[in-house]
Each structure stands twice: as C-alpha cells, then as structure tokens.
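K.L.:
Here it is: the structure, laid out below.
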Amino acid sequence: MEQEDVSWYIHYPLYLLSLLYGLAIRVRFFLYSSGILHARKLPCKVISIGNITVGGSGKTPMAIFMAEYLANRGLRTAIVSRGYGGSLKGGEAIVSDGSNILLGPKEAGDEPYLMAKKLRDVIVAVGANRYKIGSDIINRFKTQCIILDDGFQHIRLKREMDILLIDSARGFGNSYLIPRGILREPLDGIGRADVLMIKNNNKKDLYLGAKVPTISFHYRPTRLEGLDGESKMDISVLKRKRVFAMAGIANPEAFIKTLKDTGAEVISTLFYPDHHWYSLHDLEDIKEKIKRMQGGVELVVTTEKDMARLRHLPDPGINIYAVGVELIIEDLAAFQDVLAPLVGET
C-alpha cells in the first residue's frame, strides 16, 4: 500500500471526528450565547487564563505571575484550577490557604501544587465545579479576585477578563480541531479574548490585525533547584555542561530549546506523557540510561512540574535539578494598562 493511502486511512477518520467535535463545541457556545443556557456569576472579579490549543503555552507560570501581580496591589486573590492529574478526580478542595499547603501533588495535581508552593498570601484550589469552589473560597477567605487557570473554554462562569495565551512557535498547528489538529475550539473563538499574550513572539506580523491588546512575553531560566528543595545554583552553570534532560510535559521540545539557549549540551532526552507520575521503575530506567552515556553526564535536569512529581520518591541516588523560570512581560506598561480597571488604577 502506498504511503498516501496509509495517510488517508489515518487522517480521514480523525478529520471526521474533528468535525463532530467542532459541531459539539459550536452547539455548546450557541446555547450560552443565545441565553438558552446561562453562565453564572461570582460576587468577585474573575480573570480567565487559557489557550485555544492543546499542549503547553505557559498557563501555570502566567497564573502565578498574575496572582502575584494582583496580590501585590492589595487584592485578596485566589487561583482555581481543574486539578488535572490529581487523585481528587474533579472534587473540590483547598490546596493552599495562602499560608499552608494542605494537599500534595498526588491529590491536587502537579500544577496546582506548584502554584501553591510558589505563592504566599494567595489561595489555591481545585475543582471541576468552579462556581462551587469559587463560592466556597469567597465565603471563607473574602476573596476579591479569582483567577481561572486554564479557563478560556469554561464559559459556564462569567468573567471580567479573558486572557488568551498563544505560543508563536506552535501557532495553531494545521488549524484543525482535535483530534485531527491541536485546536480546542474554532479559531473564531479568539474573538472572546480581551487580551492576547503571545509567547516567544517571533511572528509579530501574524497578530497585527488583532482587535484587542496584544502583548508579548517569554520565560527566562534563572536557576537550578535540587531534589531536596534546598540546593540551588545559578542557571549559568549549565553552560557547556553535558546534560541529560527528562520531562513529562505537553511540549518538551520547548524545554529542550530553553536548555540549549543556556549553552547546555543536551546529550540525551527522555520524555514521558504529560502529567506522568514517576515510579521507582522510572528512576531505575533513568539511572541505567545515564550509565550507558558515552562520555558521561554532568547534570540531570527536568522541569519544575516534573520535580513536583519526583519528590514523593525515595532518594534516587542521582542528582536531579529542576530549571526555574521567570516570566518576562516585554511591554509592561501595556500590560499594566490592560489590568488597570481590575486593580482600580486609572
């Protein structure tokens, strides 16, 4: 059978499924926009951070950045996440009360746990019913602003602002809906956004026609943190080091690019599915691969989200470091202008 015939058999069923998925999405949006179904409103300001594609575009670091920004301006702030990958399976729970972390990554999921670990004076919660957990947070903590992590498609809840993240390196893929492509919804959904945040904006002309503010951002690696959470090194130590990179995230290629940009020599990689929960067998596999590396390995590195899923294991007998990143807004004045109505600044 010729290659084109094989491709047709693979892609045509996916295309049909994407059409059915698209129909379901459009019907859902129509039911809400026509008033047949009604979105609920919480008695506080709600900001959604999300994307229109599957895979990583930096939602978690952006949610952390936004929470710090709002809290630093005196707003009692909370983040509500779906908690994907956690054992709660959609149940509502408080991950952090702003002072104490109440749930680990296995229960809450790696992303909510990471946010709770990095943030102080910010509530972090998980739940499939964001209205319910949002109401509980407001009643308990008198929250003034709630950030919906990965909330762009969660139209059941009204919000004051929709922030849509776009990774310029990936764009919109082949512009097909899942499972044929990487789109979560048709591209006209971009029109719901109040601001576009473009990650690594190397295609600036692509977004010139946007009718809402368009702001570029990127992530700058700043440090390495050991498995014990105590040992830290400046990111500059990666330069010219022979690195073994491992990750269980949606877009591991972006992680590898980050490492190479630091000057690291990535000699081998090991990728797992997104939100992969590491086991002792995985660690043994990693150690075995490292032993077989000709010329040796100087550093084993992973992401902060992966590190949250590694710390439950016994000492692996190898030094693993997570790459910490800092979010950089390239036009901070424009960003502040966009958020001014939410924080009471004019």
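The values are calculated or read from the model by the stated rules, or taken from the named source; none is laboratory data. Since this is a predicted model, take the numbers as computed values, not measurements. Every residue, glycine among them, receives a Cβ derived from its backbone with ideal geometry; neighbour counts consider all protein chains shown.
K.L.:
List every residue pair whose Cβ atoms lie under 6 Å apart, where the two residues are 6 or more positions apart in sequence or sit on different chains, the first residue falls within the stretch 45-72 and is more than 26 Å from P179 (Cα to Cα), and the second residue, located anywhere, is basic (K, R).
P.N.:
Matching pairs, first to second residue: V46/R159; I64/K118.
K.L.:
Let me ask something else. Would you call K260 in a helix (DSSP H, G or I), loosely packed, with under 15 Cβ neighbours inside 10 Å and not hydroxyl-bearing (S, T, Y)?
P.N.:
Values: in a helix (DSSP H, G or I): yes; loosely packed, with under 15 Cβ neighbours inside 10 Å: yes; not hydroxyl-bearing (S, T, Y): yes.
The answer is yes for K260.
K.L.:
Of all residues in the stretch 76-117, how many are free of Cβ contacts under 8 Å to residues at least 60 places away in the same chain, surrounded by fewer than 21 Cβ atoms within 10 Å (Cβ to Cβ) and closer than 25 Å to Q153 by Cβ? Spell out how you get there, then give the answer.
P.N.:
Step one: list which residues in the stretch 76-117 are free of Cβ contacts under 8 Å to residues at least 60 places away in the same chain, which gives 83, 86-103, 107-108, 112, 115-116.
Now restrict to residues that are surrounded by fewer than 21 Cβ atoms within 10 Å (Cβ to Cβ): 87-93, 97-102, 107.
Subsequent filtering for residues that are closer than 25 Å to Q153 by Cβ retains 87-93, 107.
Adding up the residues that qualify gives 8.
K.L.:
Only one of (1) outside the structural domain of K59 (by TED's automatic domain parsing); (2) touching a strand residue (DSSP E or B) at 6+ places or on another chain (Cβ under 7 Å); (3) assigned to a loop (DSSP other than H, G, I, E, B) fails for D228. Which number is that?
P.N.:
(2)
Quick grid of which residues meet (1) assigned to a helix (DSSP H, G or I); (2) surrounded by 15 or more Cβ atoms within 10 Å (Cβ to Cβ):
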| position | (1), (2) |
| --- | --- |
| M233 | no, no |
| F244 | no, yes |
| H281 | yes, no |
| M293 | no, no |
| G296 | no, no |
| V301 | no, yes |
| M307 | yes, yes |
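K.L.:
So, in the stretch 126-165, of the ones that are β-branched (V, I, T) and surrounded by 21 or more Cβ atoms within 10 Å (Cβ to Cβ), which residue ends up farthest from L342 (Cα to Cα)?
P.N.:
If we filter the stretch 126-165 for residues that are β-branched (V, I, T), which is where we start, we get 126, 133, 137-138, 143, 146-147, 155, 163.
Going one step further and asking which of them are surrounded by 21 or more Cβ atoms within 10 Å (Cβ to Cβ), we end up with 126, 133, 137, 143, 146-147, 163.
Values: V126: 23, I133: 21, I137: 19, T143: 14, I146: 11, I147: 12, I163: 13 Å.
Step by step, filter the stretch 126-165, then rank; the result is V126.
K.L.:
Restricting attention to the stretch 42-68, and to residues there that are buried (at least 21 other Cβ atoms within 10 Å of the Cβ) and in a loop (DSSP other than H, G, I, E, B), which single residue is modelled with the highest pLDDT?
P.N.:
If we take residues in the stretch 42-68 being buried (at least 21 other Cβ atoms within 10 Å of the Cβ) and in a loop (DSSP other than H, G, I, E, B), then I52 is modelled with the highest pLDDT.
K.L.:
Specify which of the listed residues (L164, L187, L183) is modelled with pLDDT under 95, farther than 30 Å from N100 by Cβ and not charged (D, E, K, R). Even if it seems obvious, please write down each step before you answer.
P.N.:
Values: L164 fails: modelled with pLDDT under 95; L183 fails: modelled with pLDDT under 95.
It is L187.
K.L.:
Which condition breaks for Y176 when tested against (1) over 23 Å from G74 (Cα atoms); (2) under 17 Å from the mean Cα position of the chain (by Cα)?
P.N.:
Going through the list (1) over 23 Å from G74 (Cα atoms); (2) under 17 Å from the mean Cα position of the chain (by Cα), Y176 breaks only (2).
K.L.:
Among the residues of the stretch 292-337, count how many are more than 27 Å from the chain's Cα centre (by Cα) and either within 30 Å of I198 (Cα to Cα) or modelled with pLDDT of 90 or more (or both).
P.N.:
The number of residues fulfilling the criteria is 2.
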